[in-house]
Amino acid sequence: MTTSQAEAFYEREAEGRFLPTANTRGPWDADSQHAGPPAALLGLAVEQRPGGRPDMRVARLTYEIMRPVPIRPLTVTTRVLRAGRSVELVEASLTPDGGQEVMRVTALLMKTAPDSVPQVSPGRQVPGPGVAPAKAFFPVPWDQGYHTAMELCFAAGSFLETGPATAWMRMGVPLVAGEEITPLSRVLTAADSGNGVSAELDFHRYVFINADLSVSLHRHPEGEWVCLDARTMVDGAGIGLAESALHDEKGPLGRSTQSLYVAARS
């Protein structure tokens with residue numbers, strides 16, 4: 001399958017080895033991926049870890065983004081750091097052919113026991129995707145990429161205006177060709193967009209690059225749509241923070257944060 005015919009973000013070439021398609025391309029560099037798809041790929045590796053227990057569920061994922069993820073074949077390695085009775089710690093790493101490690105995640109999983117405690121969680125707090133209008137992605141100089149592989153609609157704000165925004169996102173293609181999309185993959189493919197949808201500074205004058213991503217989930221996601229109720233804060237010294245309340249159509253399910261390097265464009 002050529003990139004022009006790609007119907008997924010990745011193709012699985014072998015166990016632990018993946019070929020990115022043009023759908024992974026980010027908005028800033030034609031040779032680099034948007035961080036959402038590789039974050040989801042690492043999350044999938046955690047879910048599919050050898051010997052994984054079905055009663056363990058991801059509660060938190062913390063990503064370090066060491067350098068841009070190139071659109072080149074990728075190798076994913078996974079190891080269990082701690083395997084306890086109630087808590088498990090798993091690490092997964094992403095390395096391109098001929099390169100250094102580009103992204104790493106440490107995932108905290110917790111044992112689940114359905115209906116063992118009272119559920120405390122509010123209902124829907126943001127307008128659903130059915131009433132949120134579709135709005136354009138900001139201008140991107142190539143025809144295919146993350147911006148065309150994701151469906152977006154905004155309950156508040158947009159990519160083309162600054163300030164807080166409430167954006168619903170849905171994957172238009174599978175994460176891996178021929179494989180079913182997991183609920184966790186849907187969240188992780190979207191979560192890295194928080195700093196983009198809630199930008200406080202002009203894209204053309206400033207860069208605000210996230211060097212990390214942390215996602216905490218108190219509930220298992222449901223449905224195809226993921227909402228980012230996002231806002232960004234920036235200090236004049238050049239450090240920012242983007243935070244997003246994460247929702248599905250049922251209601252809140254967690255939060256994500258991104259530490260931002262902020263600078264004027266040269």
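Structural remarks
- Output for segment 56-82, where each listed residue is assigned to a strand (DSSP E or B), surrounded by fewer than 15 Cβ atoms within 10 Å (Cβ to Cβ) and either free of Cβ contacts under 8 Å to residues at least 40 places away in the same chain or aromatic (Phe, Trp, Tyr) (or both): ARG79, LEU81, ARG82
- Annotation note: of VAL90, VAL105, the sole residue that is touching a Phe, Trp or Tyr at 6+ places or on another chain (Cβ under 7 Å) and not in a loop (DSSP other than H, G, I, E, B) is VAL105.
- Output for segment 25-54, where each listed residue is within 15 Å of the chain's Cα centre (by Cα) and among the small types (Gly, Ala, Ser): GLY26, ALA35, GLY36, ALA39, ALA40, GLY43, ALA45
- Of residues in segment 212-240 being buried (at least 17 other Cβ atoms within 10 Å of the Cβ) and of a type in the set (Ser, Thr, Tyr), the one nearest to GLY251 (Cα to Cα): SER214
- Hits in segment 146-175 (condition: small (Gly, Ala, Ser) and either at pLDDT 95 or above or closer than 14 Å to TRP225 by Cα (or both)): ALA149, ALA155, GLY163, ALA165, ALA167, GLY172
- Pairing each residue of segment 240-266 that is within 16 Å of ASP192 (Cα to Cα) and free of Cβ contacts under 8 Å to residues at least 40 places away in the same chain with any residue that is in a strand (DSSP E or B) and among the small types (Gly, Ala, Ser), provided the two are 6+ apart or on different chains, yields C-beta distances under 7 Å for LEU241/SER259.
- Restricting segment 176-198 to residues that are of a type in the set (A, V, I, L, M) and surrounded by 24 or more Cβ atoms within 10 Å (Cβ to Cβ), the residue that is nearest to GLU224 (Cα to Cα): VAL187
- Residue within segment 125-141 that is of a type in the set (Gly, Ala, Ser), assigned to a helix (DSSP H, G or I) and crowded, with 16+ Cβ neighbours inside 10 Å present: no
- Residue check for ARG53: surrounded by fewer than 20 Cβ atoms within 10 Å (Cβ to Cβ), charged (D, E, K, R) and assigned to a strand (DSSP E or B): no
- Every pair of residues 6+ apart whose Cβ atoms lie under 9 Å, when the first sits in segment 152-166 and is on the phi > 0 side of the Ramachandran plot and surrounded by fewer than 18 Cβ atoms within 10 Å (Cβ to Cβ) while the second is modelled with pLDDT of 95 or more and in a strand (DSSP E or B): GLY163/ARG231; GLY163/THR232
- Verdict on SER185 being of a type in the set (S, T, N, Q) and either at pLDDT below 95 or closer than 17 Å to PRO20 by Cβ (or both): yes
- As a summary of the residue check, ALA245 satisfies the conditions (1) more than 30 Å from GLY123 (Cα to Cα); (2) among the small types (Gly, Ala, Ser); (3) in a strand (DSSP E or B) except for the one numbered (1).
- Residue in segment 22-50 that is surrounded by the most Cβ atoms within 10 Å (Cβ to Cβ), counting only those that are in contact (Cβ under 8 Å) with a residue 40 or more places away in the chain, part of a loop (DSSP other than H, G, I, E, B) and not basic (Lys, Arg): ALA35
- Among the conditions (1) at pLDDT below 95; (2) crowded, with 18+ Cβ neighbours inside 10 Å, SER266 misses just one, which is (2).
- For VAL140, the conditions (1) of a type in the set (A, V, I, L, M); (2) modelled with pLDDT of 95 or more; (3) in contact with a helix residue (DSSP H, G or I) (Cβ under 6 Å, 6 or more places away or on another chain) all hold with the exception of (2).
The values are calculated or read from the model by the stated rules, or taken from the named source; none is laboratory data. Every value quoted in this text rests on a predicted model; they were computed, and no experiment measured them. Counting neighbours? That spans all protein chains shown, and the Cβs are built from the backbone with ideal geometry, glycine included.
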